[in-house]
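J.: The structure is given below, and queries will be raised subsequently.
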């Protein structure tokens with residue numbers, strides 16, 4: 001999934017990065033890698049902090065515009081983080097960094113949400129995204145749910161619990177252990193993945209796609 005995310009960022013980096021005179025061409029790949037890392041690590045941090053519900057809620061919107069996402073606290077956090085990296089690692093001033101970050105990061109999140117909500121796009125799903133962020137723990141949780149009799153379980157389907165079509169508190173339909181048990185296991189998986197990837201491991205994985 002990380003390679004798909006990298007390709008998504010590359011495809012959206014045209015005006016913000018590739019054609020931006022403020023960013024030397026030799027830094028283009030580094031900036032794109034940093035943007036990919038910002039999105040991946042931001043989502044992973046949110047899941048590891050117990051915020052899977054917030055992620056699922058954000059992805060439940062579908063067809064969200066980049067401008068509307070600027071008001072989302074998760075996206076706002078990522079935008080600020082990426083801007084600070086552009087200044088500290090790539091020498092952009094505050095205005096330049098803010099312009100690049102506010103144009104690229106919300107577009108990437110918007111593209112990611114729209115692609116995961118596209119039933120005809122099997123390369124982007126919330127399940128494959130969570131698999132990458134939790135070191136495979138989310139896939140194990142899904143398999144446990146299916147084995148316990150909840151054959152239709154997937155995190156893509158779980159999104160409906162965080163929209164008007166369902167209740168996040170309706171744990172019974174989540175199968176063995178209930179919804180809170182699922183959230184707890186996924187949170188633990190993301191925390192373990194962070195520990196195993198320590199020392200910039202996630203960034204090293206992303207750089208491997210260049």
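The values are calculated or read from the model by the stated rules, or taken from the named source; none is laboratory data. Computed from a predicted structure; not experimentally measured. Positions of Cβ are generated from backbone atoms using ideal geometry, with glycine treated the same way; all protein chains shown enter the neighbour counts.
J.: Looking only at the range 162-196, which residues are assigned to a helix (DSSP H, G or I) and modelled with pLDDT under 80?
T.: We begin by selecting, within the range 162-196, every residue assigned to a helix (DSSP H, G or I); these are 162, 171-174, 178-196.
Hits for the range 162-196 are 162, 171, 172, 173, 174, 178.
J.: Sticking with this one: Out of the range 86-107, which residues are in a loop (DSSP other than H, G, I, E, B) and in contact (Cβ under 8 Å) with a residue 24 or more places away in the chain?
T.: Hit for the range 86-107 is 92, nothing else.
J.: Is it the case that the range 24-31 has a residue that's surrounded by fewer than 22 Cβ atoms within 10 Å (Cβ to Cβ), more than 10 Å from the chain's Cα centre (by Cα), part of a loop (DSSP other than H, G, I, E, B) and at positive phi?
T.: No: the range 24-31 contains no residue that is surrounded by fewer than 22 Cβ atoms within 10 Å (Cβ to Cβ), more than 10 Å from the chain's Cα centre (by Cα), part of a loop (DSSP other than H, G, I, E, B) and at positive phi.
J.: Sort out which residues of the range 20-31 are free of Cβ contacts under 8 Å to residues at least 40 places away in the same chain and under 22 Å from residue 109 (Cα atoms), and write them in order of number.
T.: The initial filter retains those residues of the range 20-31 that are free of Cβ contacts under 8 Å to residues at least 40 places away in the same chain, namely 21, 24-26, 28.
Of everything in the range 20-31, just one residue is free of Cβ contacts under 8 Å to residues at least 40 places away in the same chain and under 22 Å from residue 109 (Cα atoms), namely 28.
J.: Continuing with this model, one more query. The conditions are (1) within 16 Å of the chain's Cα centre (by Cα); (2) part of a helix (DSSP H, G or I); (3) at pLDDT 85 or above, and residue 159 fails exactly one of them. Which is it?
T.: That leaves (3) as the condition not met.
J.: Condition (residue is within 26 Å of residue 179 (Cα to Cα) and either touching a residue at least 40 places away in the same chain (Cβ under 8 Å) or part of a helix (DSSP H, G or I) (or both)) applied to the range 74-85: is it met by at least one residue?
T.: yes
J.: Pairs under 6 Å by beta carbon, first residue at negative phi and assigned by TED's automatic domain parsing to the domain that holds residue 141 in the range 181-208, partner at pLDDT 85 or above and surrounded by fewer than 19 Cβ atoms within 10 Å (Cβ to Cβ), six or more apart or different chains?
T.: Filtered contacts from the range 181-208: 187/50.
J.: Considering only residues that are assigned to a loop (DSSP other than H, G, I, E, B) and modelled with pLDDT of 95 or more, look in the range 1-20 and name the one that is nearest to residue 207 (Cα to Cα).
T.: This residue is 13.
J.: Exactly one of (1) farther than 21 Å from residue 52 by Cβ; (2) part of a helix (DSSP H, G or I) is unmet by residue 119. Its number?
T.: Among (1) farther than 21 Å from residue 52 by Cβ; (2) part of a helix (DSSP H, G or I), residue 119 violates only (2).
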